[in-house]
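Notes for the one structure printed next.
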Amino acid sequence: MWLKKDEAGNPAGGASKPYCYHIDQFESLRPVSMRVIEYCPAMGLDMIQNLSGSGGSDEAWGIAAGSADTFWISGTAGTDLPASRPWMIKGTALGQWCGWDPFDGEVEGEGRDLVAAGGSVYATGYAGVQAYVVKYAAADCAALPPCDCAPAFETRFSAPGASFTEGFDVAVSGTDAFGAGHAESSTKSAPMIA
């Protein structure tokens, strides 16, 4: 839902209807979409459909601001292909970017949340049937090709008795990273914190 605004940009008229991904929701927000389409090129931002080169649809799940005008995106490449993959992007305010699969195409998976803290970037999601947390030293990852960036740390984990574990959120305190998500077994699904 979005707050509605009047011509002067002040809140007015309540909120849009709560129809997530419903055509009426998109239609009611057409003026906002049209302004984004108009303003982005004027600000030097490109709207692109596929960053990973997967040939399928991509999803962005997390974004974090780095240092020195950089940003990071975590997401999923090829969501409409038989095997989706997690992916990471490091970009700059100048429109430069590099993207890579944290696991070099080794496993199917999805990227979810990420956090930039203390000169590092931490991301979570799932790889195969396990949740993961990866850490990158931000200075070791380029925003221009070649786009190879090896994690400084990687861990994969499963909840006891689970057939599938997925990380949804990551938090950092000092040098410790914490992941939260859910775990599934043949009989139940439950929240998980690691």
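The values are calculated or read from the model by the stated rules, or taken from the named source; none is laboratory data. Bear in mind that the values here come from a model prediction, so they are computed numbers and not experimental data. These accessible areas exclude ligands, DNA and RNA; they are computed on the full protein's heavy atoms, side chains included. Shrake-Rupley method; radii C 1.70, N 1.55, O 1.52, S 1.80 Å.
Accessible area per residue of region 57-158 at 1.4 Å probe, in Å²? Can you show the working numbers first?
On the way: 4600 Å² over 102 residues.
For region 57-158, the per-residue accessible area is 45 Å².
If I compute solvent accessible area with a 1.4 Å probe over the protein chains, what percent of it on region 91-194 is carbon and sulfur?
Values: 2860 of 5220 Å².
Ligands and nucleic acids excluded, carbon and sulfur reach 55 percent.
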